[in-house]
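Enquirer: What follows is a single structure, and I will ask about it in a moment.
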Amino acid sequence: MESLHQSIAVRFSYDVHFTRDLWSITNPLLSQVIATGSNLAKSAIVIVDSGLLDYHPQLLTKITNYADYYADQIKLATEPIVVPGGEAAKNDPTLVDQIHQTIEQVGLCRHSYVLAIGGGAVIDMAGYAAATAHRGIRLIRIPTTVLAQNDSGVGVKNGINALGKKNFLGTFAPPVAVLNDFDFLTTLDDRDWRAGIAEAVKVALIKDRNFFEFISDRADDLAQQDSQAMEQLIYRCCQLHLNHIASYGDPFEMGSSRPLDFGHWAAHKLEHLTHYRLRHGEAVAIGMALDCTYSYLTGLLAKAEWQQIIRTLKQLGFKLYVPELSRDMENLTLENSIFRGLVEFREHLGGDLAIMLLQQIGEGTEVNQVNIPVYQKAISMLQKIEVETISQFN
């Protein structure tokens with residue numbers, strides 16, 4: 001018998017909205033998104049990052065009042081579910097079980113909604129739960145941090161940590177919509193504000209020189225929480241991420257090439273080695289500094305551009321070195337070595353190593369093998385740079 005061949009084309013479409021005061025009854029955006037294509041009220045459950053309630057104590061009441069006001073479009077199936085924020089959300093598998101049990105108990109169907117409100121970790125976890133219940137319940141992301149609004153919240157990935165590895169369990173499942181409410185950013189602490197900038201630096205370095213120049217020129221403003229500069233940064237970062245997902249030809253990462261993971265092979269390992277003391281964005285900043293320094297040492301990147309990158313990261317307030325970078329650096333087989341991150345990254349990619357390095361600001365280049373001694377030298381340089389002043393990189 002001849003083999004049978006089937007080709008399936010599936011089109012995904014979703015909008016990223018930018019707004020303020022999302023839960024005001026005078027703002028119909030959420031109700032309009034849910035009501036699209038239907039005259040019936042849709043059932044929904046709401047997952048809320050607990051960290052938000054310290055700064056927005058009325059949030060749960062606002063959610064309930066909003067649903068009451070727009071009852072023709074939204075029907076809350078139960079009270080909002082509050083979960084821990086930060087990486088704890090992705091490290092505790094019982095949270096996914098809790099959401100699954102709630103979905104089953106209240107009778108949500110595939111035409112119902114899960115609304116995930118919080119930082120990137122909560123959105124990742126809730127998205128994974130939504131994608132694996134009934135093989136997929138509609139997800140609306142409402143990211144509340146810089147990193148979630150400009151990067152993790154606008155993509156197509158969901159996941160949790162497992163077996164000591166970042167995002168070991170997960171799905172590719174686009175949301176129905178992303179609602180970026182800039183008002184949530186006004187209560188971020190300094191670390192969470194800064195951490196999200198790292199992903200903008202990342203995409204600028206590999207795709208858009210002009211965007212990097214904007215970040216470099218406004219580095220002091222961004223470090224001092226200038227809201228106008230941040231809103232511009234988030235908008236452009238979203239544009240670049242969405243364009244890559246839609247146009248690069250591999251939105252679900254079936255191949256081994258992942259340019260948007262520039263700086264991430266070390267970052268993911270550093271998060272684990274520091275027991276998530278480092279925010280994701282803080283680890284990405286170190287990972288980018290490491291890969292940029294390696295690019296400079298191998299002759300790919302000009303010294304002046306390397307200096308500008310290092311200077312900009314320091315101006316933004318990022319640390320470029322932590323002791324875990326040097327731990328067991330000479331023994332690559334040990335679990336505590338940063339270079340174990342290369343092995344884990346290769347596994348995550350599908351078996352082939354593909355590392356994005358920098359050829360010039362705005363242009364990345366992919367390599368399939370690396371020189372460990374040069375990376376070791378780069379780590380030593382970052383350790384020295386960490387104690388030097390910004391002026392030394394002019």
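Enquirer: Would you be so kind as to identify which of ALA173, ALA77, LEU108 lies farthest towards the positive end of the dipole of segment 15-187, taking Lys and Arg as +1 and Asp and Glu as -1 on Cβ and the Cα centre as origin?
Expert: ALA173
Enquirer: Ignoring the sites themselves, what is the longest stretch of the chain with no GluC sites (Glu not before Pro) in a DSSP loop and at most 13 other beta-carbon atoms within 10 Å?
Expert: 3-329
Enquirer: Further, regarding this structure: Determine ³J(HN,Hα), in whole Hz, for all residues of segment 3-18 in sequence, where each value follows from phi through the Karplus function 6.51 cos²θ - 1.76 cosθ + 1.60 and θ = phi - 60°; x replaces Gly and Pro.
Expert: 5, 9, 10, 10, 10, 10, 10, 10, 9, 10, 9, 8, 10, 10, 9, 10
Enquirer: How do PHE168, PHE339, PHE182 rank when sorted from fewest to most other Cβ atoms within 10 Å of their own Cβ? Can you show the working numbers first?
Expert: Details: PHE168 14, PHE339 21, PHE182 17.
The order, fewest Cβ neighbours first, is PHE168, PHE182, PHE339.
Enquirer: Here is a follow-up. Taking the Cα centre as origin and putting +1 on Lys and Arg beta-carbons and -1 on Asp and Glu beta-carbons, what dipole magnitude results for segment 15-187, to the nearest 20 debye? Walk me through the intermediate numbers first.
Expert: On the way: 12 positive and 15 negative charges, 104 e Å.
Dipole size: approximately 500 debye.
Enquirer: Now for a separate question. Of the options PRO259, GLY364, THR389, report the single residue whose Cα projects farthest towards the positive end of the charge dipole of segment 193-393 (beta-carbon charges: Lys, Arg +1; Asp, Glu -1).
Expert: THR389
Enquirer: Mind checking segment 193-286 for chymotrypsin sites (Phe, Trp or Tyr not before Pro) that DSSP puts in a loop (not H, G, I, E or B) and that have at most 16 other Cβ atoms within 10 Å?
Expert: Working: sites: TRP193, PHE211, PHE212, PHE214, TYR235, TYR248, PHE252, PHE262, TRP265, TYR276; in loops: TYR248, PHE252, PHE262, TYR276.
Answer by residue number: TYR248, PHE252.
Enquirer: Note the listed values (1) 129; (2) 155; (3) 146, then indicate which one is volume of the Cα convex hull per residue in Å³ calculated from this particular structure.
Expert: Derived directly from the coordinates: (2).
Enquirer: Another question, then. Select from segment 66-169 those trypsin sites (Lys or Arg not before Pro) which occupy a DSSP coil region and have at most 14 other Cβ atoms within 10 Å, ordered by residue number.
Expert: On the way: sites: LYS75, LYS90, ARG110, ARG135, ARG138, ARG141, LYS157, LYS165, LYS166; in loops: ARG110, ARG135.
Filter output for segment 66-169: ARG110, ARG135.
Enquirer: Where does the charge balance sit around ALA204 when Lys and Arg score +1, Asp and Glu -1, over other residues with C-beta under 10 Å from its C-beta? Mind showing how you got there, number by number?
Expert: Values: positive: LYS202, LYS207, ARG209, ARG236; negative: GLU199, ASP208, GLU213.
Around ALA204, the charge tally is +1.
Enquirer: Roughly how many debye, to the nearest 20, is the charge dipole of segment 193-393 about its Cα centre, given +1 on each Lys and Arg Cβ, -1 on each Asp and Glu Cβ, and no other charges?
Expert: So the dipole magnitude of segment 193-393 works out to roughly 340 debye.
Enquirer: Counting Lys and Arg as +1 and Asp and Glu as -1, what is the net charge of the other residues whose Cβ lies under 13 Å from the Cβ of HIS56? Don't skip to the end; give the middle numbers.
Expert: Details: positive: LYS62; negative: ASP21, ASP49, ASP54, ASP181, ASP183.
Net charge around HIS56: -4.
Enquirer: Roughly how far apart, in whole Å, are the Cα centres of segment 296-316 and segment 63-114?
Expert: 45 Å
Enquirer: Which value, in debye to the nearest 20, gives the size of the charge dipole of the chain about its Cα centre, when Lys and Arg are +1 and Asp and Glu are -1 at the Cβ?
Expert: Numbers: 33 positive and 45 negative charges, 69 e Å.
Rounded to the nearest 20 debye, it is 340 debye.
Enquirer: For each of CYS292, CYS238, CYS109, count neighbouring Cβ atoms within 10 Å of the residue's Cβ, then give the residues from fewest to most. Write out the running numbers ahead of the final one.
Expert: Numbers: CYS292 27, CYS238 22, CYS109 12.
The most exposed by this proxy come first: CYS109, CYS238, CYS292.
Enquirer: Nearest-5 percent of antiparallel DSSP beta bridges in the chain?
Expert: Percent antiparallel among DSSP bridges in the chain is about 30.
Enquirer: Over the chain, what is the relative contact order in percent, taking alpha-carbon pairs closer than 8 angstrom and at least six residues apart?
Expert: Details: 693 pairs, mean separation 52.9, N = 394.
The value is 13 percent.
Here, each number is a calculation from the coordinates, and none is a lab measurement. Values in this document were obtained by computation on a predicted structure and should not be read as measured data. Using ideal geometry, Cβ is built from the backbone for each residue, glycine included, and neighbour counts are taken over all protein chains shown.
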